Amino acid sequence: MDPFLTILIYSIYTSSAIILFFLVVIVFLRWKAAREEREYKLCEKEWEPLYIDYILGKSELDYVKSQFLKTNRYKFYRLFFTPYLKMLDGKDFEATKALCREISIIGHYRQKLLKRNLYDKATAAKMLGDFRCYQSIPERIRMLKSKNHLLILAAAQGLAVSNNPRAFRPVLKALLSNTYFTYEGATEILSRFGSEICPPITELLGEYSKGFVPAALNNPRKKNNAFRSLLPKAKPATVNHTLLVIILIDLLGHYRYAEALPVLNRLLAKADTETIVHILKAYLRIGKLPAEYDPGVYLKHEDWVIRNFAIQTTEMAPDKDLIPKLDQLLNDENWWVRYHAARALMAFGDAGHSLLILRADGSETESATIAAYVLASKEVS
Amino acid sequence: MTVTAKTVLIAEDEKRINNLICARLKQEGYLVIQAFDGEEALQELLQGKADLALLNMMMPHLDGSQVLKRLRNAGRELPVIIFSVKSWESDLRDSLFLGAKDYIVKPFELDDMISRVNKLITEQ
């Protein structure tokens, strides 16, 4: 036989065998997953009424514990209890946690946390967070110093949902130190702590606003204050104080923490461009302005983003003295600034509205166009 | 004289949580209608059988705030309690402006939920 033909035939057989092998593996895994799902559904059907009766006080803990242990399906406990742990609080949560403790789930995950297997450690860190298990917090805080991104993420997520504000600073520092975390990823995790973190954040920013000097970061003679201690020592150049400050400001804005307004206003006086943007955004989210805040300064700022947000803050406390400044901004070089200036004038009552009508008929192209546009869109709405 | 039991609608997409809340409400003596997404909740509410609604904010098809808006636009004034996760607490407060009578932040305690339901039903 032609050697080429021989090679071709053997290649076809080999490829077919490999494809068949993978097909068999896929079919087997799907069958296994379907079987597990059926098993889980059976367990859920049996466990759910038991659990509900227990939570409603119709069954005792010992009886429910014995019924759960009888089924011998430990691998499904996590799937079953997780929604309840996330949704319930107070005595319902404590009852669920007590049941989980009795059927040894908590002990199981505390053991897993000490294992070497990264996946086991990460799963355990998340589950212990769901259990709000305070005994293992030191171990999970140690995990934040790991070099493995998965472990840091699991530990951070677990600590965040534990609702323990004392874990906030270590988690914040870990997220800033690890360059894999995006800004959005870090703030998403930090926002899970809940509004209890607002007072310590305000305290941190208060300390910063009293004159933290970035150059002193590397000065060994300067005592570490709480703010400085959050900055990673290894990479001061990549994670500077501005990033830390804006994350903290954004969290205050997210929780609409009005008590932070005086501190934010103090920061505003000495802030760089990026920080000013975030402070103004926080004012808009909080829905209130500090008494001493004067938007006039920021309406003239060279950065259009700042001008834009400053204009929006004027709508929260319309002051007729600002009308001439907003009028000037109708001719701003940036469309968004012109647009928001026109919208802000609508919030100034008849004086602002009349001015817009005047500008819409005026000879200056930019202000006429934007005034007409905003007036027309207001009529449509 | 018999007192007619009041009907509460629960709109929550997490089935087991829905079942748990349903069981707790029945224990309290309420009749319960269960819905597992926003669209279903709206259909049930527009039929007018519920005396109070518990709406989860994040649901498939229509979220809690959209259901509430459409309900109010249809002229239904029944009391509504919105509930959602802790990180959206500030938005839950905004739901009061949309016409909700109260809001509950998750995680929550069942007894707290029941006391709010009882209070609104009594006021009604």
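The values are calculated or read from the model by the stated rules, or taken from the named source; none is laboratory data. Small disclaimer: the values here were computed from a predicted structure and weren't measured. Cβ coordinates were reconstructed from backbone atoms using ideal geometry, including for glycine residues, and neighbour counts include every protein chain displayed. For accessibility, only protein heavy atoms count, side chains too; no ligands or nucleic acids. Shrake-Rupley method; radii C 1.70, N 1.55, O 1.52, S 1.80 Å.
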Quiz item: When you go through A:Leu61, A:Leu50 one by one, which is the residue that is more than 14 Å from every other protein chain (Cβ to nearest Cβ) and open to solvent by less than 50 Å² (accessible area, probe 1.4 Å)?
Solution: A:Leu61
Practice problem: For B:Arg76, state whether it is part of a loop (DSSP other than H, G, I, E, B) and modelled with pLDDT of 85 or more. | Solution: yes
Quiz prompt | Identity of the residue in region A:278-292, surrounded by 21 or more Cβ atoms within 10 Å (Cβ to Cβ) and closer than 19 Å to A:Ala341 by Cα, that ends up nearest to the other protein chains (Cβ to nearest Cβ) | solution = A:Tyr283
Self-check item: Single match in A:Tyr63, A:Tyr54 (criterion: closer than 27 Å to B:Gly29 by Cβ, at pLDDT 95 or above and not polar (S, T, N, Q))
Solution: A:Tyr54
Quiz item: Hey, any hits in region A:306-322 for a residue that's open to solvent by 60 Å² or more (accessible area, probe 1.4 Å), farther than 14 Å from A:Leu261 by Cβ and in a helix (DSSP H, G or I)?
Solution: yes
Exercise. Output the residues belonging to region A:22-47 that are within 14 Å of chain B (Cβ to nearest Cβ) and either open to solvent by 50 Å² or more (accessible area, probe 1.4 Å) or over 37 Å from the mean Cα position of the chain (by Cα) (or both).
Key: A:Lys41, A:Lys45, A:Glu46
Exercise. Return the total of residues in region B:96-120 being among the aromatic types (Phe, Trp, Tyr) and either open to solvent by 20 Å² or more (accessible area, probe 1.4 Å) or more than 7 Å from chain A (Cβ to nearest Cβ) (or both).
Key: 2
Exercise. Please go through region B:1-20 and pick out each residue that is within 22 Å of A:Tyr40 (Cβ to Cβ) and outside any loop (DSSP other than H, G, I, E, B).
Key: B:Lys15, B:Arg16, B:Ile17, B:Asn18, B:Asn19, B:Leu20
Exercise. Of all residues in region A:158-206, count the ones that are within 13 Å of chain B (Cβ to nearest Cβ) and closer than 17 Å to A:Met127 by Cα.
Key: 7
Quiz item: Which residues, counting only those in region A:107-116, are touching a Ser or Thr at 6+ places or on another chain (Cβ under 9 Å) and either open to solvent by 10 Å² or more (accessible area, probe 1.4 Å) or among the acidic types (Asp, Glu) (or both)?
Solution: A:Tyr109, A:Arg110, A:Lys112
Quiz item: How many residues does region A:87-109 hold that are more than 14 Å from chain B (Cβ to nearest Cβ) and in contact with a helix residue (DSSP H, G or I) (Cβ under 6 Å, 6 or more places away or on another chain)?
Solution: 6
Practice problem: Tell me, yes or no, whether region A:137-146 has at least one residue that is buried (at least 22 other Cβ atoms within 10 Å of the Cβ), within 14 Å of another protein chain (Cβ to nearest Cβ) and in contact (Cβ under 8 Å) with a residue 12 or more places away in the chain. | Solution: no
Practice problem: Look through B:Leu52, B:Leu46, B:Leu25 and report the one residue that is of a type outside the set (Phe, Trp, Tyr) and open to solvent by 30 Å² or more (accessible area, probe 1.4 Å). | Solution: B:Leu46
Practice problem: Just give me the residues in region B:7-22 being surrounded by 20 or more Cβ atoms within 10 Å (Cβ to Cβ) and closer than 20 Å to B:Leu78 by Cβ, in sequence order. | Solution: B:Val8, B:Leu9, B:Ile10, B:Ala11, B:Glu12, B:Ile21
